[in-house]
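S.K.: After the structure tokens below, expect a handful of questions from me.
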Amino acid sequence: MHETSLVRSLMAQVGHLVAANGGGVVRQVRVQVGPLACVEPALVTSAWNQLRGEAALDGAALEIEEVPLVAHCRTCKIEFEPVRFCFRCPRCGGTQTEAVSGDGVMLDSIVLDDAEEGAAV
């Protein structure tokens with residue numbers, strides 16, 4: 001299950017960001033997952049729940065936002081949602097297109113409680 005290694009990498013990224021910003025207690029981690037990410041959100045959540053104790057994220061909730069696949073046509077400059085993963089531009093029929101969102105997993109935000117004050121950061 002590659003979701004486990006994905007979650008380990010996500011937890012390491014969260015740890016680096018928290019340390020770089022002076023520490024605190026992580027309350028929530030929000031990620032965006034697109035249809036081309038090749039991950040199952042339920043398995044990501046399961047791996048998170050199993051591993052969060054190892055990464056000092058015991059109280060941290062994981063929120064997954066599933067985002068749509070969006071492509072950009074380099075010819076006519078429009079953005080569109082590919083239908084059945086067909087990347088041909090619906091306006092000009094061009095094939096010079098590229099995914100601009102929905103093709104991966106992205107850390108969106110982290111909610112922290114300040115370790116000293118207990119206030120959300």
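The values are calculated or read from the model by the stated rules, or taken from the named source; none is laboratory data. All values derive from a computational prediction rather than experimental measurement. Don't worry about glycine lacking a Cβ; one is built from the backbone with ideal geometry, like all the others, and counts go over all protein chains shown. Accessible surface is based on the protein model in full, side chains and every heavy atom, while ligands, DNA and RNA are left aside. Shrake-Rupley method; radii C 1.70, N 1.55, O 1.52, S 1.80 Å.
S.K.: Going through segment 60-102 one residue at a time, which ones are under 30 Å from GLN13 (Cα atoms), open to solvent by less than 30 Å² (accessible area, probe 1.4 Å) and outside any loop (DSSP other than H, G, I, E, B)?
M.R.: Listed by number, the residues that qualify are VAL70, ALA71.
S.K.: Looking at segment 1-42, which of its residues are over 24 Å from ASP103 (Cα atoms) and surrounded by 15 or more Cβ atoms within 10 Å (Cβ to Cβ)?
M.R.: If the condition is that a residue be over 24 Å from ASP103 (Cα atoms) and surrounded by 15 or more Cβ atoms within 10 Å (Cβ to Cβ), then VAL18, GLY24, VAL25, VAL26, ARG27 are the ones that fit.
Here is a yes/no grid of residues against (1) under 20 Å from ILE110 (Cβ atoms); (2) free of Cβ contacts under 8 Å to residues at least 40 places away in the same chain; (3) part of a strand (DSSP E or B); (4) not β-branched (Val, Ile, Thr):
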{"residue": "THR4", "(1), (2), (3), (4)": "no, no, no, no"}
{"residue": "VAL18", "(1), (2), (3), (4)": "yes, no, no, no"}
{"residue": "CYS38", "(1), (2), (3), (4)": "no, yes, no, yes"}
{"residue": "ASP58", "(1), (2), (3), (4)": "yes, yes, no, yes"}
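S.K.: Something else now. Residue under question is VAL44, and the condition is that it be among the β-branched types (Val, Ile, Thr) and under 16 Å from the mean Cα position of the chain (by Cα); does it hold?
M.R.: yes
S.K.: Ok, one more. Hey, could you check segment 103-121 for residues that are over 30 Å from GLU3 (Cβ atoms) and open to solvent by 90 Å² or more (accessible area, probe 1.4 Å) and say which is modelled with the lowest pLDDT? Spell out the reasoning first.
M.R.: Restricting attention to segment 103-121, the residues satisfying the condition of being over 30 Å from GLU3 (Cβ atoms) are 114, 116-119.
Filter once more, keeping what is open to solvent by 90 Å² or more (accessible area, probe 1.4 Å): 116-117.
Values: GLU116: 51, GLU117: 47.
Looking at residues that are over 30 Å from GLU3 (Cβ atoms) and open to solvent by 90 Å² or more (accessible area, probe 1.4 Å), I get GLU117.
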